[in-house]
Structures are given as C-alpha cells and as structure tokens.
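Take a look at the structure set out below.
The values are calculated or read from the model by the stated rules, or taken from the named source; none is laboratory data. These numbers were taken from a predicted model, which means no experiment stands behind them. Cβ placement follows ideal geometry from the backbone for every residue including glycine, while neighbour counts extend to all protein chains displayed. Keep in mind that these areas ignore ligands, DNA and RNA; they rest on the heavy atoms of the full protein, side chains included. Shrake-Rupley method; radii C 1.70, N 1.55, O 1.52, S 1.80 Å.
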Amino acid sequence: MNGLEVGNTPLVRLRHISPTPDVEIFAKLEWYNPTGSVKDRIALAMLSAAEAEGRVGPGAHLLEPSSGNTGIALARLAKMRGYRMTVVIPANVPGERKNVLRAFGAELIETPAEYGSNGAIAHAETLAGGDHVMLFQYGNPANPAAHYEGTGPEILKELESVDAFVAGLGTGGTLMGVGAALREANPGVAIVAAEPPIGEAVFGLRSLEEGYTPPVFDPDAIDGKILVRTGDSVIMTRRLMAEEGLFVGPSSGAAVHAAARWASKMSRGRIVVLLPDSGWKYLSTGLWTGDVESIVDRLGGQLYF
Amino acid sequence: MNDQSVQVRIPTVMRPLVGGEKVIPATGATVRAIVADIGGRHAGLAERILDKDGELHRFVNVFVGDEDVRYLDGLDTPVPAGTEISIIPAVAGG
C-alpha cells in the first residue's frame, strides 16, 4: 500500500429508501477507503500538495484540528512517510476515534467538549506555526479539489445524469468539490447539505461570535439545507442496516435521511448521497440496540461528524 | 393561541435570554414576524439572530421545519401554523 489507493469507491442503488417511486437514490460508499472514511481523499490531496510546495518534508510535524476521520487519515499517511502527527480533538468524540488515532501513532490534544469542533479549530490555530505545519482542512483548497477531481468525476462515470447530490456539512469540501463537478455536467443539479444534528452537543458556545463557517464553504454554492435531528439519523442508520445491509455511521444515516427528504420533493430523477464512514467507530454508542430515545440522549453529548 | 402560533427551538447559547427555555411559543406568518414577536418579548434576542442591517446573522441558521430559510425566502419565508422553527448556530465538523 503506498497511500495512493484512495477513491474509486462503490456507488450502489438504495432499493428501499426513496419515498418517491420514480426517484432513485444512489449511495457512494466512502468507507471503502484505506482508513474507512471519505477523509482519505482530502488527507492525501492536502499532504501531497504541501509536499509538492515544499511546506512538508523530512522530519515534519503535522498539526490538525479534527473530530476524528481527517485526523485518522492524516495520521496514517504521516506514519507511512515518517512525519510526526498531532491531532487537536474535541474531548467528546466516541472513544474509538481516539483509540484509532493512537494506534496510528498520533498524539492527541483534547479540547473542551462544550466548544465542539469550533473549539478544536480555535485551539489549533493558537498552536500552529513554528515547527508545526497545519494543513487545515477547513481552509485548504486541496480539500474541495480532491472531490472536484475525484469523487465528482467518479459519480459522472457511473451515472449519465444526476439531479441532486446530498452530503453532510462538516468542512463543506465535499459539497463544494462534488457540486462544482456535477454542475459542469448538469447546471440544474441541486446540491443539498444535510445539517448535522449537533446543536445540543455544543452547549457551551459562549457567543455567536464563536460560530464558524469554514473558509472552503460558500453557502451560496448550495441549493438547499436539510436539518436532521439525532433521532432521525439513528432511525435511518438502523434502516440502512436492516433494509439495505449497509453498516454505516450516524452521519451517513443523517445524509440518507436528508436524501429521502429531498426525494419527497421531487417527482422523478436521480439523487446521489455520500456515506462518509461505516459503523465500526460507533459501536460504543450502542447505536444499533436499545430504544431510539436513549440512544439520542447518549449521542446528544457526543460529536460524531 | 391563535392560528398563527408556532414553536421556536432556542439554541443553548440563547437560552439565558428566554429564561432557560428550550422551546418558546411565537406568532407570525413569516420568519421576520416570528423574530419580531419573540424579540419583543425577550430583550436582546433579536439582536442575536439578526445583524445590524436586520439580515440573518451569518453564524445563525434558521430552519422552518427542517429547511434552512436561506434557501427558501430568507426572512420572508412563510411560516405555516403549527410549524416548528429551529435556530441553530453555525458549527463545523470534520
């Protein structure tokens, strides 16, 4: 494995999820990447760009704020290439994420739960510079570019027409990059964000001045945003297992819930929805067992996208 | 309760302005009217939702049902009776 085997993930049709008979929903299964998430794409793109520019070389020390998947993907590459890796991570992510990061040799700096990813970003910014190189997924053009050059064309290779694309909103890189690629093929395509069900977890944001819109995300470049409650993402995560045989994480459940909602507004056509990771890293949340309400309570205090 | 009555979900950061409530009732036919209504009853609340030009604050997302009003008609988005409005601060993931 040389770190280059990212992308070319399967695109499968979901047979039981669309509420509209003439609307087909196709799912892009991103856990078929080396560390099991869509973030292998941007980690490779950002690191390769930084190496080509000479910003990262032998003995480099990478620093990245991440709620998990980007950190894991970067940690793997750092390990392979002999760099040091520090991940600034909100304390309230599922424990599996921290364990995987440590397995890949990353050092962790935990930031207070109540500030969420916004807090991890702010803290990483105070540490950047000096000996650290921060690739910074939230502001790095190689993030959307990885999707513009990879994910988007992969979809277009398999489907001659796409009417809507749905993905979760984290950095915005997926929506921007895939959106731009799909729009070139069909200017009428709707690019739709699934707003993660996170409000309750970030209970301590002191003021709205600490709200954050990632520099790579242009809100005017999407066509709609669907709010997905934690309960709805849990229910869809379970439906994907029971009805489609797909073992996915809760952010995939949220994205598919939003895709089904968008399908309910269409009469015919094709939707592609991106499923960022699988269920393995969420077993500790008990997502697949017990009643939905108790899972919602447990997930409500955790960051999982 | 009249026929324009809706429920508004308040984010944690704004709950101190509404006596700690998670959900408050409001009346109005548009998002603008709803914000004016709750802003009139809870000092400081409208200033947290709108910027100084009276537009939606860039770090605040307002949803009518499950749809972000930025992609509907903004503050002029109609609010059907019985709808739930959610005010949610912008946060990142990844």
*Highest-MSF residue in chain A out of A:231, A:173, A:253 [GNM, Cα springs under 10 Å]*: A:231
*asked:* Could you give each residue of the range B:10-16 its phi-based ³J(HN,Hα) in whole Hz, using Karplus coefficients 6.51, -1.76, 1.60 with θ = phi - 60°, and x for Gly or Pro?
replied: 9, x, 3, 5, 9, 4, x
*Where does helix A:250-264 land angle-wise versus the long Cα axis of chain A, in degrees 0 to 90, nearest 10?*
30 degrees
*Amide H to amide H under 5 Å from residue A:277: which residues, 5+ apart in sequence or cross-chain, H placed 1.01 Å off N in plane?*
A:249, A:252
*asked:* Checking an interface number: how much accessible area is buried between A and B, summed over both chains, with a 1.4 Å probe, in Å² rounded to 100?
replied: 2600 Å²
*Could you list which residues have their amide H under 5 Å from that of residue B:50, counting only those 5 or more apart in sequence or on another chain, with H placed in the peptide plane?*
B:57
*Per the 1.4 Å probe, what fraction of the accessible area of the protein assembly as shown, in percent, lies on carbon and sulfur atoms?*
52 percent
*Using label points projected 7 Å from each Cα along Cα→Cβ, tell me how many nm separate residue A:293 and residue A:241, to one decimal.*
2.1 nm
*Karplus couplings for the range B:35-50 from phi (6.51 cos²θ - 1.76 cosθ + 1.60, θ = phi - 60°), rounded to Hz, Gly and Pro as x?*
5, 5, 5, 6, x, x, 9, 10, 4, x, 6, 4, 5, 7, 9, 10
*Using a Gaussian network for chain A with springs between C-alpha atoms less than 10 Å apart, which of these wobbles most: A:129, A:139, A:68?*
A:129
_Please compute the average number of Cβ atoms from other chains found within 10 Å of each residue's Cβ in peptide B:61-70._
5
*asked:* Counting pairwise Cα distances across the range A:48-177, what percent come out greater than 27 angstrom?
replied: 24 percent
*At 222 nm, what helix-only mean residue ellipticity would chain A give, in deg cm²/dmol to the nearest 500, using -39500 (n - 2.57) for each DSSP H run of four or more?*
-11000 deg cm²/dmol
*Points 7 angstrom from Cα along the Cβ direction at residue B:22 and residue A:99: gap in nanometres?*
3.0 nm
*Enter the angle in degrees (range 0 to 90, nearest 10) between the Cα long axis of helix A:116-127 and the first principal axis of the Cα atoms of chain A, meaning the one along which they spread out most.*
30 degrees
*Name the shape class, rounded, prolate or oblate, that the alpha-carbon gyration tensor gives for chain B, where a ≥ b ≥ c are the square roots of its eigenvalues, rounded holds for a/c under 1.5, and otherwise prolate holds if a/b is larger than b/c and oblate otherwise.*
rounded
*Using 0.36 nm per residue, how much length does the chain from residue A:184 to residue A:55 gain when fully extended, once their Cα-Cα distance is taken away?*
43.2 nm
*Using a 10 Å cut-off on Cβ to Cβ distances, tally the other chain neighbours for every residue of A:222-229 and report the average as a whole number.*
5
*Projected label distance in nm at residue A:80 and residue B:58, using a 7 Å step from Cα toward the beta-carbon*: 3.7 nm
*Output the antiparallel fraction of DSSP beta bridges having both residues in chain A, as a percent to the nearest 5.*
20 percent
*Most fluctuating residue given options A:42, A:25, A:235, as computed from a GNM of chain A linking Cα atoms under 10 Å*: A:235
*asked:* Can you give the FRET efficiency to the nearest 0.05 for residue A:159 and residue A:22, using r as the Cβ-Cβ distance and R₀ = 22 Å?
replied: 0.90
*Only residues of the range A:14-58 count here: report those whose backbone N is under 14 Å from the spot 7 Å along Cα→Cβ of residue A:264, or say none.*
A:17-21
*Please sort B:43-53, B:65-75 by packing, taking for each peptide the average over its residues of neighbouring beta carbons within 10 angstrom, highest first.*
B:65-75, B:43-53
*Taking 0.36 nm per residue of separation and subtracting the Cα-Cα distance, what length does fully extending residue B:47 through residue B:73 add?*
7.3 nm
